[in-house]
Amino acid sequence: EAWNYLLGKLEYTQMIDLIKMNSRRYAKRQLTWFRRDQRIRWFEVREESDLSVVALKIRDYFMSKTH
């Protein structure tokens, strides 16, 4: 998108819109791919604003897997 903008093939607003759209599409493809992989463990962080609490949850998860 940026390259086409620099070449004059896109207007600035078109470039921004394409970057947003294609980034969302890429993120959706990644999530779909990751969700299929049973080895991946998801940790919910939206509910928790204190990242140290999230880090402790992740640590506790991995500590329980090693014992």
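What the table below lists for this structure:
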{"read-out": "Failed condition for Lys57, given (1) without any contact (Cβ under 8 Å) to a residue 12 or more places away in the chain; (2) part of a helix (DSSP H, G or I); (3) open to solvent by 70 Å² or more (accessible area, probe 1.4 Å)", "value": "(1)"}
{"read-out": "Single residue of Trp33, Trp42 found to be under 17 Å from the mean Cα position of the chain (by Cα), modelled with pLDDT under 90 and open to solvent by 100 Å² or more (accessible area, probe 1.4 Å)", "value": "Trp42"}
{"read-out": "Check on Lys28, open to solvent by 100 Å² or more (accessible area, probe 1.4 Å) and assigned to a loop (DSSP other than H, G, I, E, B)", "value": "no"}
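The values are calculated or read from the model by the stated rules, or taken from the named source; none is laboratory data. Keep in mind that what you see is a predicted model, and the values were worked out from it rather than measured. Glycine also receives a Cβ, built like all others from the backbone with ideal geometry; neighbour counts cover every protein chain displayed. Accessible surface is based on the protein model in full, side chains and every heavy atom, while ligands, DNA and RNA are left aside. Shrake-Rupley method; radii C 1.70, N 1.55, O 1.52, S 1.80 Å.
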